[in-house]
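Take a look at the structure set out below.
The values are calculated or read from the model by the stated rules, or taken from the named source; none is laboratory data. Being a predicted model, the structure only gives us computed values, none of them experimental. Positions of Cβ are backbone-derived with ideal geometry, glycine not excepted, and every protein chain shown enters the neighbour counts. Accessible surface is based on the protein model in full, side chains and every heavy atom, while ligands, DNA and RNA are left aside. Shrake-Rupley method; radii C 1.70, N 1.55, O 1.52, S 1.80 Å.
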Amino acid sequence: MMAGIAVGIATLAVLSSIGESTRRETLKRLRNMLGTTDTIIVRPGGSTRGMVSVASTPPTLKPEDANAIASVAGVKQVAMLINGFNIDLAYRGKHAVTGVFGVSRNWLELRGDQMGSGSFFTDLEELGLARVAVIGEDVRVALFPDEDPRGKTIRINDVPFEVIGILGVRGAGPSGGSLDNVVLIPLSTAKRRLFNRDFLTMIIAQLDDPLQSDAVTASITLLLRNRHHLDPVSLADFNVTNPRAVMARLSRIGSTLAKVLVGAALIVLLISGVVIASLMTLGVAERRREIGLRRAVGARRADIRTQFLLECLILSGWGGVLGTTVGLVGANLAAAWQRLPLMFSWSVLILSAAVSIAIGLISGLLPAWRAARVDPVEALRG
Amino acid sequence: MISVHIEVDHLSKIHKRGDGEDVVALDDITFRIASGEFVAIRGASGSGKSSLLSILGCLDRQTSGVYLLGGIKVSGLADAELSSIRSTQIGFVFQAFNLLSRTTALENVELPMIYGSASVDREKCASALTRVGLGARLNHYPTELSGGEQQRVAIARALINDPALILADEPTGNLDEASGAEIMALLVSLHREGRTVVLVTHDKVTASHASRVITLNKGQVISDVLVSRNLHAKPA
């Protein structure tokens with residue numbers, strides 16, 4: 001009986017905390033990758049998913065496109081990116097392979113990222129194609145395990161850059177990979193001195209009003225189709241992502257999943273409750289003599305009722321305690337295995353407690369009622 | 001002055017059987033028991049003596065007639081009030097002991113205190129067990145005790161709330177002669193303390209401890225005899 005409740009509550013606790021954890025973490029990773037949610041992302045290629053590297057990017061997005069998007073109604077400002085992955089870094093015999101992002105000055109602001117230490121590059125450095133770099137935490141750990149990177153010269157694809165700052169830690173992206181294995185350099189420097197390309201891998205448009213994202217997404221799409229001289233039947237050679245829409249969809253999927261899982265756990269608990277109710281009701285028949293005796297020594301019907309109700313409550317209560325413990329430990333093991341953050345949620349704890357108390361009370365009603373109705377004379381005669 | 005403890009007036013009890021037939025268990029019984037009396041109720045099985053004891057013990061209600069316990073009309077009382085009377089004014093001793101098997105002797109004796117008005121007093125329970133000669137077995141479980149010892153635990157339990165009335169239903173029925181004699185000696189000592197003792201038995205020897213024997217047959221009183229009235233009575 002107790003085991004049934006324990007299993008049910010454990011399932012409930014595991015499922016609801018994993019569901020909750022997954023949902024939160026998905027949103028968090030998405031936010032990590034996309035930055036602030038009041039932005040629209042434009043990438044080259046018709047069906048690009050995720051990040052692309054400059055080497056494999058169709059040359060369809062120009063800085064001029066970005067400038068045009070900047071004057072679309074509802075767009076506050078635009079950031080540009082040209083990036084490559086798997087770029088070799090070297091510093092005094094230490095090596096790392098990383099993504100290098102050539103970004104416009106407003107990149108940090110649009111992404112909502114923070115500097116860890118040092119400074120970001122200036123307009124002057126951007127204009128002057130300065131070889132300056134801001135490195136992510138993973139890069140710092142790989143190249144500068146025990147010294148201050150600021151002022152040091154690293155080589156990016158054999159081109160020397162001075163490290164001027166370190167980014168704040170960002171954590172994991174949607175697929176679980178680190179977002180800190182990155183080097184940021186000025187967009188102009190990336191175009192002329194590193195990649196020798198003039199097209200972009202991403203344009204980020206920040207909106208005046210995040211609620212207008214659908215309308216602005218449509219305006220940008222129309223603008224780029226015109227600029228790229230696409231006739232109405234052609235597929236686009238770029239794609240526009242509306243992060244608000246993506247997030248809304250993901251969080252909806254997450255919560256639907258959580259609901260289904262919690263529903264399954266509730267069915268397990270319902271069955272356990274029925275089992276408790278029936279076994280305890282059988283127990284009333286076996287314990288008629290005890291009930292008769294208690295009545296003879298002064299127990300009121302209400303005392304007997306309370307006793308049986310309490311026994312059911314204690315039974316399912318212990319099941320709940322056991323289940324919650326197992327569940328939370330299990331959820332955290334599963335979370336560790338899935339590389340999700342450990343979690344302890346009061347809502348799960350309160351839910352478990354409420355559900356086990358409710359099951360104890362409801363399943364105790366019938367046995368308690370039966371027990372209180374036992375005729376002491378009959379019971380003591382047997 | 002002798003006060004009346006139990007007054008039964010034209011009391012009848014009719015049981016409904018499963019097949020709808022009525023069975024007359026008690027048929028128009030009338031008697032009085034004074035405070036401090038030791039009364040044996042005798043009769044063959046089916047004579048109605050157990051039905052009478054259930055009504056006297058406030059566990060069952062009569063079909064008609066009046067039952068006054070200590071001057072209070074019991075038939076008009078609600079369940080909670082009857083329970084309160086059972087817990088404070090009546091001590092039961094059963095043929096089958098009826099101890100809770102998963103609790104110790106001490107905890108069994110505590111039971112009426114849980115339902116009584118006073119709070120549980122372990123010391124008092126221990127001294128009650130000591131009084132019935134089980135001071136060394138407080139924490140034994142019923143299965144670790146002999147029949148006579150179990151019945152002594154039951155007597156300690158019956159005494160714990162200091163009731164004026166002891167109702168014993170064949171208390172020696174499951175015991176050997178020696179244990180039975182010890183139990184009867186305990187009941188006699190309760191009577192000597194001034195308690196009213198009503199003993200139901202079919203056994204003539206057991207009944208002989210009482211100072212009055214009421215004999216039932218087919219639900220009616222067929223004899224009501226004072227025997228050796230001064231043998232166990234309190235000194236005047």
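Got a sec to turn the phi values of segment A:145-152 into Karplus ³J(HN,Hα) couplings, 6.51 cos²θ - 1.76 cosθ + 1.60 with θ = phi - 60°, whole Hz, x for Gly and Pro?
My calculation for segment A:145-152 gives x, 9, 8, 6, x, 4, x, 7 Hz in order.
B:GLY65's amide H: which non-local residues (gap 5+, or another chain) put their own amide H closer than 5 Å, with H modeled 1.01 Å from N in plane and none for Pro or chain starts?
Answer set, sorted by chain and number: B:SER12.
May I ask which residue of A:LEU310, A:PHE238, A:PHE195 lies farthest towards the positive end of the charge dipole of chain A, with charges of +1 (Lys, Arg) and -1 (Asp, Glu) on Cβ and the Cα centre as origin?
A:LEU310
How large is the dipole of segment B:93-227 about the Cα centre if only Lys and Arg carry +1 and Asp and Glu carry -1, each at its Cβ, rounded to the nearest 20 debye? Please list the in-between numbers first.
Values: 12 positive and 15 negative charges, 42 e Å.
So the magnitude is around 200 debye.
From the C-alpha coordinates alone, can you work out the Kirkwood hydrodynamic radius of the protein assembly as shown, in Å?
The answer is 32.0 Å.
Taking springs between alpha-carbon atoms closer than 10 angstrom, which of B:ILE155, B:ILE29, B:ILE114 fluctuates most in the Gaussian network model of chain B?
Greatest mean-square fluctuation among the candidates belongs to B:ILE114.
Taking H placed 1.01 Å from N in the peptide plane, check which residues at least 5 places from A:GLY112 or on another chain put their amide H under 5 Å from its amide H.
Counting only residues 5 or more places away or on other chains, the set is A:THR36.
Dipole of segment B:12-55, Cα-centred, from +1 at each Lys and Arg C-beta and -1 at each Asp and Glu C-beta, to the nearest 20 debye?
Working: 6 positive and 6 negative charges, 36 e Å.
The calculation lands at about 180 debye.
With θ set to phi - 60°, apply the Karplus curve 6.51 cos²θ - 1.76 cosθ + 1.60 along segment A:306-320 and write out the HN-Hα couplings as whole Hz, x wherever there is a Gly or Pro.
Going residue by residue, I get 4, 4, 5, 4, 5, 4, 5, 5, 5, 4, 6, x, 5, x, x Hz, with x marking Gly and Pro.
Run the quick spin-label model on B:GLU177 and A:LYS259: label points 7 Å from Cα toward the beta carbon, then report their separation in nm to one decimal.
8.1 nm
Calculate what fraction, in whole %, of the accessible area of the protein assembly as shown sits on carbon and sulfur atoms when a 1.4 Å probe is rolled over the protein chains. Spell out each step's value before the answer.
Details: 16270 of 28680 Å².
So the carbon and sulfur contribution to the accessible surface is 57 percent.
Amide H neighbours of A:GLY102 under 5 Å, counting only residues 5+ apart in sequence or on other chains, H built in-plane at 1.01 Å?
Amide H to amide H, under 5 Å and 5 or more residues apart or across chains, A:GLY102 pairs with A:ILE82, A:ASN83, A:GLY84, A:ILE185.
Using θ = phi - 60° and the Karplus relation 6.51 cos²θ - 1.76 cosθ + 1.60, list the HN-Hα couplings for segment B:114-129 in order, rounded to whole Hz, with x at every Gly or Pro.
My calculation for segment B:114-129 gives 4, 8, x, 7, 7, 7, 5, 10, 4, 4, 5, 5, 4, 6, 5, 5 Hz in order.
Looking at chain B as a GNM with Cα springs under 10 Å, which of B:SER47, B:SER208, B:SER119 has the largest mean-square fluctuation?
It is B:SER119.
For A:LYS94, give me every one of the lysines with a C-alpha distance below 23 angstrom, ignoring sequence neighbours fewer than eight places off in its own chain.
Result set, ordered by chain and number: A:LYS152.
Could you work out the local net charge near B:SER87, counting Lys and Arg as +1, Asp and Glu as -1, over the other residues with Cβ closer than 12 Å to its Cβ?
+2
With Kirkwood's inverse mean 1/r over C-alpha pairs for Rh, give me the Rg to Rh ratio of segment A:231-305, two decimals please.
1.60
List for segment B:67-92: residues with 50 Å² or greater reduction in accessible area, all protein chains versus chain alone, probe 1.4 Å?
Buried on complex formation: B:ASP79, B:ARG86.
Can you give the direction-averaged projected area of the convex hull of the alpha-carbon atoms in chain B, in nm²?
13.4 nm²
Give the lysines whose C-alpha is closer than 22 Å to that of A:LYS76, dropping any in the same chain fewer than 8 places away, or say none.
A:LYS62
Need one number: buried accessible surface between chains B and A, 1.4 Å probe, both sides summed, DNA, RNA and ligands left out, in Å² to 100.
On the way: alone 11470 and 18850 Å², together 28680 Å².
That pair hides around 1600 Å² of surface in total.
Farthest toward the dipole's positive end in the protein assembly as shown, which of A:ALA336, A:PHE85, A:PRO63, given Cβ charges of +1 (Lys, Arg) and -1 (Asp, Glu) about the Cα centre?
Towards the positive end, the residue furthest out is A:PRO63.
Roughly how many Å² is the accessible area per residue of segment B:78-229, as a whole number, for a 1.4 Å probe?
With all protein chains present, segment B:78-229 gives 42 Å² per residue.
Reachable aspartates and glutamates from B:LYS49, Cα under 15 Å, same-chain residues fewer than 8 places away excluded?
Cross-link targets: A:GLU378, B:ASP27, B:ASP28, B:ASP60, B:ASP169, B:GLU170, B:ASP203, B:ASP224.
Taking only Cα atoms of segment B:26-126, what ratio of Rg to Rh do you get with Rh as the Kirkwood inverse-distance radius? Can you show the working numbers first?
Values: Rg = 15.7 Å, Rh = 15.8 Å.
Taking Rh as the inverse mean 1/r over Cα pairs, Rg/Rh reads 1.00.
For segment A:292-312, state which residues have at least 10 Å² less accessible area in the presence of all protein chains than in their chain by itself, taking the probe as 1.4 Å and leaving out ligands, DNA and RNA.
SASA drop of 10 Å² or more in segment A:292-312: A:LEU293, A:ARG294, A:ARG295, A:ALA296, A:VAL297, A:GLY298, A:ALA299, A:ARG300, A:ARG301, A:ASP303.
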